[in-house]
Amino acid sequence: MSNLNNSSVDLTLWLWTKVEDYWTVWEHIREDIYIAFNNAGVEIPFPQITVHTPPPTGHAHMDPRAPEGHLPVSETEKLGTGD
């Protein structure tokens, strides 16, 4: 075991093989591990997150002359003198 995280246990496996066999061995080892975990009933969790947002407190009035999705700006901001 190389690391114990909140939602995973990281395992490190070191193998020695011929350079020309590297990718074939890599593919077969990963597949064999996946099959062995499935046969043993080991489930691989995928991180998930739930985001809660507060309900809107009011309605933003859109400027019908502004491009879609743009909120209206004050006269000071229109002139470029706003903070």
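Nothing in this text is a laboratory measurement; each read-out follows from the coordinates by a stated rule. A quick note: this is a predicted structure, and the numbers were derived from the prediction, not measured. Here the Cβ positions follow ideal geometry from the backbone for every residue, glycine too, while neighbour counts run over all protein chains shown.
Quick notes
- Of all residues making up the stretch 1-30, the number that are part of a loop (DSSP other than H, G, I, E, B) and in contact with a Ser or Thr (Cβ under 6 Å, 6 or more places away or on another chain): 2
- Contact map, the stretch 15-30: residues that are surrounded by 11 or more Cβ atoms within 10 Å (Cβ to Cβ) paired with residues that are among the basic types (Lys, Arg), Cβ distance under 9 Å, separation 6+ or inter-chain. Pairs shown: Val25/Lys18.
- Scanning the stretch 31-51 for residues that are surrounded by 10 or more Cβ atoms within 10 Å (Cβ to Cβ) and assigned to a loop (DSSP other than H, G, I, E, B) turns up just one, Val42.
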